[in-house]
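All remarks here apply to the structure that follows.
The values are calculated or read from the model by the stated rules, or taken from the named source; none is laboratory data. Predicted model only: the values in this text are computed from it and were never measured. With ideal geometry, Cβ positions are generated from the backbone for all residues, glycine too; neighbour counts draw on all protein chains shown.
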Amino acid sequence: GFGYFYGFIAGETSQWEPRLYENTNPIEPPRKAEDGYHLTEDLADQAVKFIKFNRGLHPDRPFFIYFAPGATHGPHHIFPQWADKYKGKFDMGWEEMRNITFQKQKAMGWIPPSAQLTPIDPTMHKWSEITESERAFQLRLMEVYAGFLEHTDTQHSKILDELERQGIENSTLIIYILADNGASAEGLQGTVEELLTHNLLPATTEQQIKALDEYGGLSALGSKHVDNMYHGS
């Protein structure tokens, strides 16, 4: 086991109102979402604090950290300014976006030059077939997820920066495990509440868009009011 634990113990949790534990004790987040709290930031800050503490106490003793944020597993919770950075980036729709991503992966050498793009799931709607309101909904889900991902990368950099400040970046073994949890299991429409699927409660995109109106419309995606998840890429 670990000498110290700070985080959540479920498969996922809210980024705004997480169920936190310190060692075996349930605790409240240090501040509320309204005051700028975000779980991934908190976990990164705690990791930096742990490094500083151990280096200050035993500068010559090795340490081990297992940093496992809930991001970018659902729910996709992020500050609106991070999602807003991606406005317009996905307006071409998911068919063209997957082609662009595929070609970039080839250019970067991540996949073989001979690789063939797999067919799109026939049960997934074509971008040209969905309504303007549905497109706006799907675009915001994509923007929120992209902002969530970049924000997560930024929190990782906090830890790497601290290693550099401590002068131990070249003597620290860093193992980065990129876990592919697969696409969302909540269907092919995206969702504002993943528990709908868990409880076998069907909801159309139109119904979900209407439900968002209670919280201010599409701007509610990514907020504490919904547990949104993007379904494809």
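General remarks:
- Any hit, region 122-131, residues being exposed (fewer than 12 other Cβ atoms within 10 Å of the Cβ) and part of a helix (DSSP H, G or I): yes
- Filtering region 47-72 to residues that are of a type outside the set (A, V, I, L, M, F, W, C), closer than 23 Å to TYR6 by Cβ and either touching a Gly at 6+ places or on another chain (Cβ under 8 Å) or exposed (fewer than 12 other Cβ atoms within 10 Å of the Cβ) (or both) leaves GLY56, HIS58, PRO59, ARG61, PRO62, TYR66.
- Residues that are assigned to a helix (DSSP H, G or I) and either free of Cβ contacts under 8 Å to residues at least 40 places away in the same chain or surrounded by fewer than 17 Cβ atoms within 10 Å (Cβ to Cβ) (or both), drawn from region 21-45: GLU34, ASP35, LEU39, ASP42, ASP45
- Pairs with Cβ under 9 Å, 6+ apart, first in region 117-133 and under 11 Å from GLY93 (Cβ atoms), second basic (Lys, Arg) and in a helix (DSSP H, G or I): TRP127/ARG135
- Matching residues, region 200-222, being crowded, with 19+ Cβ neighbours inside 10 Å and part of a loop (DSSP other than H, G, I, E, B): LEU221, GLY222
- Residue ID - farthest from GLN189 (Cα to Cα), chosen from residues in region 97-121 that are exposed (fewer than 13 other Cβ atoms within 10 Å of the Cβ) and among the charged types (D, E, K, R): LYS104
- PHE90 being under 21 Å from the mean Cα position of the chain (by Cα) and within 23 Å of SER14 (Cβ to Cβ): no
- Qualifying residue in region 171-183 (condition: exposed (fewer than 13 other Cβ atoms within 10 Å of the Cβ), more than 18 Å from HIS77 (Cβ to Cβ), among the small types (Gly, Ala, Ser) and modelled with pLDDT under 90): yes
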